[in-house]
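Everything below concerns the one structure shown next.
The values are calculated or read from the model by the stated rules, or taken from the named source; none is laboratory data. Note that the structure is predicted; figures quoted are calculated from it, not measured. Quick reminder, even Gly has a Cβ in these numbers, built from the backbone with ideal geometry, and neighbours come from all protein chains shown. Note: accessible area is taken over every heavy atom of the protein model, side chains too, but ligands, DNA and RNA are not part of it. Shrake-Rupley method; radii C 1.70, N 1.55, O 1.52, S 1.80 Å.
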Amino acid sequence: MKFPARILALLSAFGLALALPTMGLGGQQPSASTATGTTEANITRIAAGILEQSQFAHHAIDNDLAGNFLDRYLDDLDWSRSLFLQSDLKDFAIYRATLAQATHGAGDTSAAHVIFGRFLQRLEQRV
């Protein structure tokens with residue numbers, strides 16, 4: 001199923017909004033605080049619910065939508081295909097099957113953290 005560019009742009013912005021505030025600019029892992037993790041999970045679940053009911057999507061977050069979200073997130077981070085290695089993309093492919101349930105059900109954003117951490121690592125190596 002193809003999704004309009006407007007929906008995919010919204011999903012990319014949604015993913016970045018979830019990932020960036022919890023990542024330090026120096027590439028450190030997010031705080032291990034339980035309160036922070038709980039708050040982030042709640043925000044993720046609420047945002048996923050709003051997205052499902054929005055006038056843009058009208059579509060439940062399933063594996064197809066989550067896969068498109070993952071593709072857009074990777075494209076937004078490495079639009080020129082010059083940072084991520086093929087092995088990185090292979091590592092990220094495991095999230096395709098679990099991203100919908102992890103994000104909507106558990107509010108888990110660890111995939112975004114892992115991908116963004118790898119992005120910072122590759123960016124640092126490139127510099």
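Tabulated data
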quantity	calculated
Surface share of carbon and sulfur [accessible, 1.4 angstrom probe, percent] for the stretch 36-127	55
Rounded to whole Hz, the Karplus (6.51, -1.76, 1.60) HN-Hα couplings of the stretch 110-125, x for glycine and proline	4, 4, 4, 5, 5, 5, 5, x, 5, 4, 5, 4, 5, 5, 5, 5
Calculated FRET value between residue 52 and residue 76, using beta carbons and R₀ = 25 Å, to 0.05	0.75
Theoretical FRET efficiency, 1/(1+(r/R0)^6), r = Cβ-Cβ of residue 94 and residue 123, R0 22 Å, to 0.05	0.50
Peptide ranges 78-87, 116-125 listed from the most packed, as the mean C-beta count within 10 angstrom indicates	116-125, 78-87
Gained length - residue 59 relative to residue 85, 0.36 nm times residue gap less alpha-carbon distance	6.2 nm
